[in-house]
Protein chains: 2
Amino acid sequence: MESTKFVLTEEEMPKSWYNINPDLPSPPAPILHPATKEPVEPAFLEVLFPKRFVAEAMSMERFIEIPEPVLDIYRTWRPTPLVRARRLEKALDTPAHIYYKYEGASPVGSHKANTALVQAFYGKEEGLDGFTTETGAGQWGSALSMACNFFDLECHVYMVRVSYDLKPYRRVLMHAYGAEVFPSPTDSTEFGRQVLAETPDTPGSLGIAISEAVEAAVKSNGRLKYSLGSVLNPVLMHQTIIGQEAIKQFEKAGEYPDVVIGCVGGGSNFGGFSFPFYYQNKVNGYNTRILAVEPQACPTLTRGLYAFDYGDTAKMAPIVKMHTLGHSFIPPAIHAGGLRYHGMAPHICALYDHNFIEAIATPQVGTFEAAIQFMQTEGILPAPESAHAIKAAIDEALVCKEEGVCKVIAFNLSGHGHFDLSSYQAYLQGDLEDYDYPEDKIKAAISQLPEIPEAIRLM
Amino acid sequence: MESTKFVLTEEEMPKSWYNINPDLPSPPAPILHPATKEPVEPAFLEVLFPKRFVAEAMSMERFIEIPEPVLDIYRTWRPTPLVRARRLEKALDTPAHIYYKYEGASPVGSHKANTALVQAFYGKEEGLDGFTTETGAGQWGSALSMACNFFDLECHVYMVRVSYDLKPYRRVLMHAYGAEVFPSPTDSTEFGRQVLAETPDTPGSLGIAISEAVEAAVKSNGRLKYSLGSVLNPVLMHQTIIGQEAIKQFEKAGEYPDVVIGCVGGGSNFGGFSFPFYYQNKVNGYNTRILAVEPQACPTLTRGLYAFDYGDTAKMAPIVKMHTLGHSFIPPAIHAGGLRYHGMAPHICALYDHNFIEAIATPQVGTFEAAIQFMQTEGILPAPESAHAIKAAIDEALVCKEEGVCKVIAFNLSGHGHFDLSSYQAYLQGDLEDYDYPEDKIKAAISQLPEIPEAIRLM
């Protein structure tokens, strides 16, 4: 009998992260100060982030040890399983072998816990009192709440007001971990007060919440720093434990993936899953395809511009070179809330720009359809974000069927959908629609990028 | 470094269940017909349940093979992990070693999937079109929905109306698995119409929903049968994979539990976890204590009578000998909805009656307090039902601390609380209260037990 699930013992869990910095096809573009547009010094970033985190952003070490206090907590649920989706294969009648790596096994139900624990540990080590952060639907906010709780730190979460009001359960989860959760915009930050004065009834946005969290950290006299759940390379690097575990698990399966797939919003689960496979391609001459999947409603890689842009709406976060739809771009309220970021992790953009990875965009309704097919064959209700990876994996498997070839397809199931049942309800009632963005709207958003001096652009 | 988590490979997964029938301290009391009060023939039960299920209820085989199609699906998430709760131990400052078996790892988030799959398989094997069942909050209904979906069977779930209206997410989950969910009482059954005629605004009850599900099965001309998620021995037996896995995992841990703990409503997770340890006590002379934990609001073992009683409110289900608060007993609307059954699995009652197991009842508020302490140390949000086991485990660990002894404490974490966040919200807002049932109310409920001829009572 062939196996279904490939588990690793604690002893087999990777002890270091893979840092892609030394293996990028070209040196990373500089990070710019949002006001001066000059390359920033580490000291600027250290006001926002823990020093060890900033050092990781600059590091050219290929493998960086995972701190033991973090590994210690990982052991409660990691290594996560790699599962062969045999019933899905059968339903599709495909010769392909489909595998998924299941990050929903974490206590907060997604991969976000992996980096949250590291950042909280660095903050504790540095003597901080706690962290500020933003959250939309609450996936990242609950991961950081759990992490801060474990390291006895304060956690101040600025939660987009409309989610705070309409999706109370994630908020309850954060409270139960001991976090303070504020509906953003609040009247406790200058930027929040400014927004409220102009638009008292605003539902809030992720951009506003980021700006409030950054402001609260900067004005805390060093008591608090800011924690980010995606985009920056240290965050992606903390997630590489996913791909590295998967590689060990494929050894046990006696197979190796022809294609690895992940959904992309800011890029952390995709980078964490795929970068170790990119490294294997590079050093071992493998030819694994690497496929990023984004929603058609927020097509950053497939239709955005590769240019310098602000990380947030209020232009308080650093400027980075990335694929972007413009910092003022506000995507429609699709149900994959975690994939609504206007930009993309710069390291993923660099690989995409050099054709080391592929990207596609999938429509909302077809993505939910794929989610239900996965659930009815494999049992697990996926997060709407992760469903984008499922949709692409199913499409790849159907191509295999058509062509009569047996490929090995692997995707990262980055989270479960237990907190997304209102989205599934909308889908089952036929209330969802697709959003294909008109070209002129994208052009308009992109036209608002900051002007960067040529000397810096070409650095 | 000592390990935290003990995993088994698929190959190490138990291949058979432990059937406690041959090892009961006294022969099981007969199952009686609800109308005639005479011992029932298998043929009567086979109208309700699949033949293979009825045969299991009578079987004196000590070990019964788990069918391969069921094992095949188990492999997606089983064996479930046994985890040492090191951070909880540290927080309690106890010398005790605390372990939990995590059944929340199943796609529906609880141990209920274990028996649902078996019953669905037996139904498929027998050529049924599907099953009817009842559900309160939806834990059991979603497990059977998933199972019927895998075996391509219809699933008709009678969901207590108040839950159907107020807790829509479990209903959405069942829909997504393809089940039909009816708010009970419905006008599609005779009993439902009768209830609606008398009390049009009734919120429904589990007793009514059971009666409707039974009626719908009986009147389906053999097309559908009824599926039950607890109480009967085959159900408990299907859950013994939990305890058997745990015993193998304790071998890897190099320890053996001094006490095993489970929450009890109908008894299935408790029986499934503890019966294999009872067998070890019996054959190997071990002295593991076995502790059942129930809510003070529904104190079936600790304050109920050991007598013959109906399994449901409408007196349509068979009469069994069990600890009972009376079939007319309606416990308060506590948040551990799965522990509100008036009776208890007869096999657990037999062991309790012979002092092979202990039982305690815990108050609601203190139980939620224990749940939060567990969540803040171990990360996982427990189901309110499972929190009863946590409360008892913590209390045992505190006794160890007081006495300065290092005992090994193991409990079954039967499910996660992702669908119970409204209950946690109520707790965090200080809205929960304890319910300690007045003696006269219990006496009144117990006074309504059916009269059973002495000849049968003494069989």
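The values are calculated or read from the model by the stated rules, or taken from the named source; none is laboratory data. Being a predicted model, the structure only gives us computed values, none of them experimental. So basically every Cβ, Gly included, is an ideal-geometry build from the backbone, and we count neighbours across all protein chains shown. Side chains included, ligands, DNA and RNA excluded: accessible areas come from the protein's heavy atoms. Shrake-Rupley method; radii C 1.70, N 1.55, O 1.52, S 1.80 Å.
The table for this structure:
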| quantity | calculated |
| --- | --- |
| Residue, farthest from the other protein chains (Cβ to nearest Cβ), within the stretch A:165-181, restricted to residues that are modelled with pLDDT of 95 or more and open to solvent by 50 Å² or more (accessible area, probe 1.4 Å) | A:180 |
| Qualifying residue in the stretch B:407-420 (condition: part of a helix (DSSP H, G or I), modelled with pLDDT of 95 or more and either over 24 Å from residue B:228 (Cβ atoms) or in contact with an Asp or Glu (Cβ under 6 Å, 6 or more places away or on another chain) (or both)) | no |
| Residue within the stretch B:318-327 that is in contact with a Ser or Thr (Cβ under 9 Å, 6 or more places away or on another chain), of a type in the set (S, T, N, Q) and not in a strand (DSSP E or B) present | no |
| Matching residues in the stretch A:432-442 - criterion: being in a loop (DSSP other than H, G, I, E, B) and touching a helix residue (DSSP H, G or I) at 6+ places or on another chain (Cβ under 8 Å) | A:432, A:433, A:434, A:435, A:437 |
| Failed item in (1) closer than 20 Å to residue A:339 by Cβ; (2) surrounded by 24 or more Cβ atoms within 10 Å (Cβ to Cβ), with residue A:162 passing the rest | (2) |
| Some residue of the stretch B:185-201 being within 14 Å of chain A (Cβ to nearest Cβ) and part of a helix (DSSP H, G or I) | no |
| Tally, over the stretch A:386-406, of residues that are outside any helix (DSSP H, G or I) and farther than 20 Å from residue A:5 by Cα | 2 |
| Selection from the stretch A:150-159 of residues that are open to solvent by less than 40 Å² (accessible area, probe 1.4 Å) and within 14 Å of chain B (Cβ to nearest Cβ) | A:150, A:151, A:153, A:155 |
| Within the stretch A:424-443, tally of residues that are surrounded by 13 or more Cβ atoms within 10 Å (Cβ to Cβ) and at pLDDT below 85 | 2 |
| Test: residue in the stretch A:121-133 that is within 20 Å of residue A:383 (Cβ to Cβ), within 11 Å of chain B (Cβ to nearest Cβ) and open to solvent by less than 10 Å² (accessible area, probe 1.4 Å) | no |
| Extreme residue, most open to solvent (accessible area, probe 1.4 Å), among residues of the stretch A:338-377 that are among the hydrophobic types (A, V, I, L, M, F, W, C) and not in a helix (DSSP H, G or I) | A:356 |
| Residue within the stretch A:88-108 that is modelled with pLDDT under 95, more than 22 Å from residue A:234 (Cβ to Cβ) and open to solvent by 20 Å² or more (accessible area, probe 1.4 Å) present | no |
| Contacts under 7 angstrom Cβ, first residue in the stretch A:315-327 being of a type in the set (Gly, Ala, Ser), partner in a loop (DSSP other than H, G, I, E, B), 6 or more apart | A:317/A:34; A:317/A:311; A:326/A:342; A:326/A:448; A:326/A:449 |
| Close pairs (7 angstrom Cβ cut-off, 6 or more residues apart or separate chains): more than 9 Å from every other protein chain (Cβ to nearest Cβ) in the stretch B:415-426, open to solvent by 20 Å² or more (accessible area, probe 1.4 Å) and at pLDDT 95 or above anywhere | B:415/B:385 |
| Test result for residue A:203, of a type outside the set (A, V, I, L, M), open to solvent by 20 Å² or more (accessible area, probe 1.4 Å) and within 28 Å of residue B:167 (Cβ to Cβ) | yes |
| Residue within the stretch B:76-85 that is without any contact (Cβ under 8 Å) to a residue 40 or more places away in the chain and either under 30 Å from residue B:418 (Cβ atoms) or surrounded by 22 or more Cβ atoms within 10 Å (Cβ to Cβ) (or both) present | yes |
| Residues (within 15 Å of residue B:409 (Cα to Cα) and either small (Gly, Ala, Ser) or open to solvent by less than 50 Å² (accessible area, probe 1.4 Å) (or both)) located in the stretch B:282-296 | B:288, B:290, B:291, B:292, B:293 |
| Search result, residues across the stretch A:1-59 that are within 14 Å of another protein chain (Cβ to nearest Cβ) and β-branched (Val, Ile, Thr) | A:4, A:7, A:9 |
| Test for residue A:119: is it within 23 Å of residue A:50 (Cβ to Cβ) and modelled with pLDDT under 95 | no |
| All positions within the stretch A:63-83 that are more than 9 Å from chain B (Cβ to nearest Cβ) and in contact with a strand residue (DSSP E or B) (Cβ under 7 Å, 6 or more places away or on another chain) | A:63, A:64, A:65, A:66, A:80, A:82 |
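Conditions (1) farther than 30 Å from residue B:102 by Cβ; (2) part of a loop (DSSP other than H, G, I, E, B); (3) not hydroxyl-bearing (Ser, Thr, Tyr), marked per residue:
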position	(1), (2), (3)
A:17	no, no, yes
A:28	yes, yes, yes
A:47	yes, no, yes
A:57	yes, no, yes
A:61	yes, yes, yes
A:71	no, no, yes
A:108	no, yes, yes
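To keep it simple, each residue is scored yes or no on (1) in contact with an Asp or Glu (Cβ under 9 Å, 6 or more places away or on another chain); (2) under 28 Å from residue A:356 (Cα atoms).
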| site | (1), (2) |
| --- | --- |
| A:30 | yes, yes |
| A:63 | no, yes |
| A:71 | yes, no |
| A:87 | yes, no |
| A:91 | no, no |
| A:99 | yes, yes |
